[in-house]
Each structure stands twice: as structure tokens, then as C-alpha cells.
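Reviewing the structure listed below.
The values are calculated or read from the model by the stated rules, or taken from the named source; none is laboratory data. On a predicted model such as this, the values are computed, not experimentally measured, just so you know. Cβ sites come from the backbone with ideal geometry, for glycine too, and all protein chains shown count toward neighbours. Accessible surface areas use protein heavy atoms only, side chains included; no ligands, DNA or RNA. Shrake-Rupley method; radii C 1.70, N 1.55, O 1.52, S 1.80 Å.
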Amino acid sequence: MAKKFELTAEFVTNILGKKLFRIKALMAFGDVKEGELGGYLEKEENLDHDGDAWVYGNAEVSGNALVSGNAEVYGNARVSGNALVYGNAEVYGNAWVYGNARVSGDAWVYGNARVSGDAEVYGDADYATVSGFGSQFRTTTFFRLKGGDIGVRCGCFYGTSDKSRLGIRFSRAFKAAQRKDCGFIESSCSRLLC
């Protein structure tokens, strides 16, 4: 197996005080050109030499995390802990994947999203989650169904947008989730939950 990149002497120190080294492509592959500088790795084992996986820009991969297959990490994204990003997955923006989380298939994690713990994001899912609000510190997940309706799961409640119980308030809660307006979501969901 030929090495497709090397760690350079250029480094940054991450929020945990670990040195992360900028990478440099040793060969052309995918859309990466030979000599192109990439993002930052704590160690060579954070990026697989097989496939077209790459870490771009200011993105950081550290700990025992691994980016492999054709996956891409870019922008200011971070992947750490024991997290895995593989397949054709993309992590970008200010997103952070950590813990034992897995992002795979054609999944995209972006914006200010956080994927952690033992969470798995895969395929081409279309959903939003909001965690830690309300007296029960619930996580509410809003998701698109095959027919185009919107589903929600929070605590013991599960419903879809075609049920009269949800009505307009549900659609507004979904939009609030996309905006991360937790106050509105809590008031909306508290009226919907059992």
C-alpha cells in the first residue's frame, strides 16, 4: 500500500492541548492533487491511505478517530475520540463528530451539528435533532418520511404531520428545530407529547 499523504511540520494545538499536524498529499487521488495541503491530524492513523478519503482546510481529526473510504472532512469540522467517518460521508462546516459516533454511507453532517456517544448517522437521511431541553432533557428528532410528510419522535410521543393532533404547530416546531429555537420547540412539543 503506497502512502498517499504525510504529516508536515506545521501544526496547531487543539482544545485538548494535543498537537495536530497539517497533511500533504504525496500523490494525486480523487480531487486531491499531489502536493496539496490538507487539514490537521493528530497521527497518521487518523486517515486511511486506501480510498479517496481526505481532510481539507482547517478540519481536524484526533484521538483514535478514523476517516476512510471516500469520506471527506472539511471546513472547521472536527472528528475525535473513537469516531469513524467512512463510505461517502461528509462532515463539514463547524460540525463535530466524537465519542463512538459513526457517520457513513452518503450521510452529511454539517453546520453546527454535534454527533456523539454511540450515535450512527448513515445513508441519505433527512432529519434534525434537538437535545437537552425541557424538564426531562429530552431529545426530539424531526425527520422526513418517504411520502414527504414529517415525523417526530420525542419521549413516548411519535407522530406524523398528516395527523390532526400535530397540525400547524408541528410544522412550526420542525422549522424551529432547523433554526435551533429550543424555546419554541419545547412549548410546541409539550402540547404534543403524552
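Summary table
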read-out: Meets criteria (surrounded by fewer than 16 Cβ atoms within 10 Å (Cβ to Cβ), touching a Leu at 6+ places or on another chain (Cβ under 7 Å) and on the phi < 0 side of the Ramachandran plot) for Lys19; value: no
read-out: Single residue of Gly69, Gly81 found to be within 16 Å of Leu41 (Cβ to Cβ) and either touching a strand residue (DSSP E or B) at 6+ places or on another chain (Cβ under 9 Å) or buried (at least 17 other Cβ atoms within 10 Å of the Cβ) (or both); value: Gly81
read-out: Lone qualifier among Gly123, Gly105, Gly117 - being within 26 Å of Leu66 (Cβ to Cβ), at pLDDT 80 or above and loosely packed, with under 13 Cβ neighbours inside 10 Å; value: Gly117
read-out: Residue within the range 37-59 that is closer than 18 Å to Ala113 by Cβ, of a type in the set (Val, Ile, Thr) and touching a residue at least 12 places away in the same chain (Cβ under 8 Å) present; value: yes
read-out: Residue selected from the range 1-16 under the condition touching a residue at least 40 places away in the same chain (Cβ under 8 Å) and more than 21 Å from Tyr98 (Cβ to Cβ), by the criterion surrounded by the fewest Cβ atoms within 10 Å (Cβ to Cβ); value: Met1
read-out: Within the range 88-102, considering residues that are part of a loop (DSSP other than H, G, I, E, B) and hydrophobic (A, V, I, L, M, F, W, C), the one nearest to Thr13 (Cα to Cα); value: Ala95
read-out: Residues (open to solvent by 60 Å² or more (accessible area, probe 1.4 Å) and either more than 21 Å from Gly87 (Cβ to Cβ) or of a type in the set (Gly, Ala, Ser) (or both)) located in the range 30-43; value: Gly30, Lys33, Glu34, Leu37, Lys43
read-out: Residue in the range 81-101 that is among the acidic types (Asp, Glu), out of contact with any Phe, Trp or Tyr (no Cβ under 7 Å at 6 or more places or on another chain) and modelled with pLDDT of 70 or more present; value: no
read-out: Subset of the range 41-98 (residues that are under 20 Å from Phe29 (Cβ atoms) and acidic (Asp, Glu)); value: Glu44, Glu45, Asp48, Asp50, Asp52, Glu72, Glu90
read-out: Filtered residue count, the range 4-29, keeping only those that are under 22 Å from Gly87 (Cβ atoms) and at pLDDT below 95; value: 0
